[in-house]
Amino acid sequence: MQQNHTNQSLSSKEYRELLGTAIYVFNSNNGFLIENILRADENNKYDWYELIDKMGGDLKKIVTKTIINESEKQNKKKLGKDIEEIFSSLVETRNRIIHSFAITDPSGVQILRTKEKKTHTQFTITTELLMKFIKDNEKLASKLHEFRGC
């Protein structure tokens, strides 16, 4: 499939829409996570400008220092751990999406593939994977809203 704005082969409109939605909801949650980190940062150690430039792996360390500690103070340790675990999983999947490569699958469809970071085993970024990623982002957003209410 081609569009007016590029001559390159593209995947279906539905697939590209899911891909865009996946990236958008992750970025939205990343900002919401930063908002929650800043709210939980009692010593004003962090600022938005510093945090927005951090990679997901670096943010995970700060989640431990702020959100998990604040959750423990509120006797909601599980909530902080859930946020950390969901975010960590999302970062890994987001990385696989971003570091993917375009292929033409055996049926002639344009789609993205990626690989496991450690084993180098390749897999396709299917619509099911994208939908799961979007739903998992929804779970994270709900947990972040719950945390904000602590």
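You will find that of 44, 137, 36, the residue that is on the phi > 0 side of the Ramachandran plot and polar (S, T, N, Q) is 44 and no other.
For the residues 10, 19, 33, the requirement of being farther than 15 Å from residue 143 by Cβ and at pLDDT 90 or above singles out 19.
Among the residues making up segment 3-28, those that are of a type in the set (Ser, Thr, Tyr) and without any contact (Cβ under 8 Å) to a residue 24 or more places away in the chain are 6, 24. Only one of the numbered conditions (1) among the hydrophobic types (A, V, I, L, M, F, W, C); (2) more than 20 Å from residue 144 (Cβ to Cβ); (3) modelled with pLDDT under 95 is violated by residue 59, and that is (2). Scanning segment 42-60 for residues that are more than 19 Å from residue 28 (Cα to Cα) and charged (D, E, K, R) yields a count of 2.
State which residue is modelled with the highest pLDDT when the search covers only segment 98-150 and only residues that are out of contact with any Ser or Thr (no Cβ under 9 Å at 6 or more places or on another chain) and small (Gly, Ala, Ser). In this case the residue turns out to be 142. Please give the number of the condition residue 60 fails out of (1) within 17 Å of residue 138 (Cβ to Cβ); (2) among the charged types (D, E, K, R); (3) in contact with a Ser or Thr (Cβ under 6 Å, 6 or more places away or on another chain). Unmet condition: (1).
Of all residues in segment 1-28, those satisfying the criterion of being part of a helix (DSSP H, G or I) and surrounded by fewer than 14 Cβ atoms within 10 Å (Cβ to Cβ) are 13, 14, 17, 20, 24, 27, 28. Among the conditions (1) under 19 Å from the mean Cα position of the chain (by Cα); (2) surrounded by 12 or more Cβ atoms within 10 Å (Cβ to Cβ); (3) at pLDDT 95 or above; (4) under 16 Å from residue 33 (Cβ atoms), residue 46 misses just one, which is (1).
The values are calculated or read from the model by the stated rules, or taken from the named source; none is laboratory data. Please read all numbers here as calculations on a predicted model, not as lab measurements. Note that we place each Cβ from the backbone using ideal geometry, even for glycine, and neighbour counts take in every protein chain shown.
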